[in-house]
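Asks: Sending over a structure as structure tokens; questions will come in a sec.
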Amino acid sequence: MIRIGIICPSEIALRRFMPAIQKLEEMLYVGVAHADAYEWFGEEKPNLSVIDNEKQKAEQFRTRYGGKVFGSYSELIDSDEIDAVYLPLPPALHFRWAKTALEHGKHIFLEKPSTTAAADTKELIRLAKKNELAVHENYMFIYHDQLRAIRELAERIGGIRLYRIAFGFPRRSPNDFRYNKSLGGGALLDCGGYTLKLAKMLLGQSARVTTSQLNKVDGFEVDIYGAATLVNDAGVTAQVSFGMDNAYKCELEIWGSRGSVKAGRIFTAPAGFEPTAELTADNETQTIVLPEDDTFAKSISAFCRCVRERSAREAEYTAILKQSELVDSVKGGI
């Protein structure tokens, strides 16, 4: 049984993570930690409004799911009752707290992105390997069974000529962390990461970025939309686009020599939802119902395998490092 605690009582932890672990016998929820006055920005910038908000949310966890409320992130990490930590903090805080947890012998289940820089991700993986600990990055869409079904459909459209991947959504509240540079905001680190993750899955380990563009909008300090092109050693290309001030898109298109496959909920299909794909082959178009799935529960199960099995840990290390390298390539414009 893996005893897990949560650092930061975030909405995704309350609404998605907690219901998912109720379905799993291999994991036991111990409690949630709110920050103390200095754990977000340090002693020079205590943020009492953040702390008060976290305390209120932590009590919601206790009311709904039981467990303990830890008075600081450090208290949870130091606890002998905890084997693993779930980190749904804003991206800029991932490295500090994941590193601290790994140094204290805790396995880490990280919301994406792993960190905001490939060098920081490499340091986390170095520590994890040294201490024989699991690090898992929660791009949960990769476990959806619709991807298997889409690959099978793609066998009917001839040779693959191009992948097109798009993920973007309308502008959110101005106080959303995605628009805050100090918290690791930006379209690339948020929705852009999904498109790169899927592109790598489709192109394979040799996937590399050849061109990229990040764009800002007046009034914002982070990139708001962008695009990139990736290619593999076989010469197959993926075009990705993303944004967080865009009309909504969540699409994969596979263009083949004899047809195409288009899927419209490739990243966001919730548990119990049956996505669909449009298959065009031999001059006929049909709508195919794809399997439903529960990707959050499957992602947590994958993390549990990483805790138990060295081979699973090593595979996840490689995947996380590759993802961070692709993100850095787009960020740097190559």
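Asks: For residues that are farther than 16 Å from TRP97 by Cα, among the acidic types (Asp, Glu) and not in a helix (DSSP H, G or I), tally how many sit in segment 6-39.
Replies: We begin by selecting, within segment 6-39, every residue farther than 16 Å from TRP97 by Cα; these are 11-31.
Adding the requirement that they be among the acidic types (Asp, Glu) leaves 11, 25-26.
Those left that are additionally not in a helix (DSSP H, G or I): 25-26.
Residues in segment 6-39 being farther than 16 Å from TRP97 by Cα, among the acidic types (Asp, Glu) and not in a helix (DSSP H, G or I): 2 in total.
Residue by residue, here is whether (1) within 20 Å of the chain's Cα centre (by Cα); (2) part of a helix (DSSP H, G or I); (3) not β-branched (Val, Ile, Thr) holds:
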{"site": "SER260", "(1), (2), (3)": "no, no, yes"}
{"site": "PHE267", "(1), (2), (3)": "yes, no, yes"}
{"site": "THR280", "(1), (2), (3)": "no, no, no"}
{"site": "GLN286", "(1), (2), (3)": "no, no, yes"}
{"site": "ALA297", "(1), (2), (3)": "yes, yes, yes"}
{"site": "ILE300", "(1), (2), (3)": "yes, yes, no"}
{"site": "CYS304", "(1), (2), (3)": "yes, yes, yes"}
{"site": "SER311", "(1), (2), (3)": "no, yes, yes"}
{"site": "ALA319", "(1), (2), (3)": "yes, yes, yes"}
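Asks: From PHE109, PHE70, which residue is farther than 21 Å from MET140 by Cβ, in contact with a strand residue (DSSP E or B) (Cβ under 7 Å, 6 or more places away or on another chain), touching a residue at least 12 places away in the same chain (Cβ under 8 Å) and buried (at least 21 other Cβ atoms within 10 Å of the Cβ)?
Replies: Values: PHE109 fails: farther than 21 Å from MET140 by Cβ.
PHE70 is the lone residue from the list that is farther than 21 Å from MET140 by Cβ, in contact with a strand residue (DSSP E or B) (Cβ under 7 Å, 6 or more places away or on another chain), touching a residue at least 12 places away in the same chain (Cβ under 8 Å) and buried (at least 21 other Cβ atoms within 10 Å of the Cβ).
Asks: Can you tell which of GLY168, GLY204, GLY193 is in the same structural domain as CYS250 (by TED's automatic domain parsing), closer than 23 Å to THR268 by Cα and in contact with a Pro (Cβ under 9 Å, 6 or more places away or on another chain)?
Replies: Details: GLY168 fails: in contact with a Pro (Cβ under 9 Å, 6 or more places away or on another chain); GLY204 fails: in contact with a Pro (Cβ under 9 Å, 6 or more places away or on another chain).
Selected residue: GLY193, the only one of GLY168, GLY204, GLY193 that is in the same structural domain as CYS250 (by TED's automatic domain parsing), closer than 23 Å to THR268 by Cα and in contact with a Pro (Cβ under 9 Å, 6 or more places away or on another chain).
Asks: Moving to a separate point now. Within segment 245-255, is there a residue that is among the acidic types (Asp, Glu) and within 21 Å of TYR139 (Cβ to Cβ)?
Replies: Checking segment 245-255: at least one residue is among the acidic types (Asp, Glu) and within 21 Å of TYR139 (Cβ to Cβ).
Asks: To continue, here is another question. Of the conditions (1) touching a Phe, Trp or Tyr at 6+ places or on another chain (Cβ under 8 Å); (2) under 18 Å from ILE108 (Cα atoms), GLU314 satisfies every one except a single condition; which number is it?
Replies: Of the numbered conditions (1) touching a Phe, Trp or Tyr at 6+ places or on another chain (Cβ under 8 Å); (2) under 18 Å from ILE108 (Cα atoms), the odd one out for GLU314 is (1).
Asks: A further question on this structure: Give ALA227, ALA263, ALA315, ALA238 a once-over and let me know the one that is closer than 26 Å to SER206 by Cα, free of Cβ contacts under 8 Å to residues at least 40 places away in the same chain and either in the same structural domain as ILE160 (by TED's automatic domain parsing) or surrounded by 21 or more Cβ atoms within 10 Å (Cβ to Cβ) (or both). First the steps, then the outcome.
Replies: Numbers: ALA263 fails: free of Cβ contacts under 8 Å to residues at least 40 places away in the same chain; ALA315 fails: either in the same structural domain as ILE160 (by TED's automatic domain parsing) or surrounded by 21 or more Cβ atoms within 10 Å (Cβ to Cβ) (or both); ALA238 fails: free of Cβ contacts under 8 Å to residues at least 40 places away in the same chain.
It is ALA227.
Condition check ((1) part of a helix (DSSP H, G or I); (2) within 24 Å of GLU26 (Cα to Cα)) across all residues:
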| site | (1), (2) |
| --- | --- |
| SER74 | yes, no |
| ALA98 | yes, yes |
| LYS122 | yes, no |
| HIS136 | no, yes |
| ALA149 | yes, no |
| ILE157 | no, no |
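The values are calculated or read from the model by the stated rules, or taken from the named source; none is laboratory data. A quick note: this is a predicted structure, and the numbers were derived from the prediction, not measured. Note: ideal-geometry Cβ built from the backbone for every residue, glycine included; neighbour counts use all protein chains shown.
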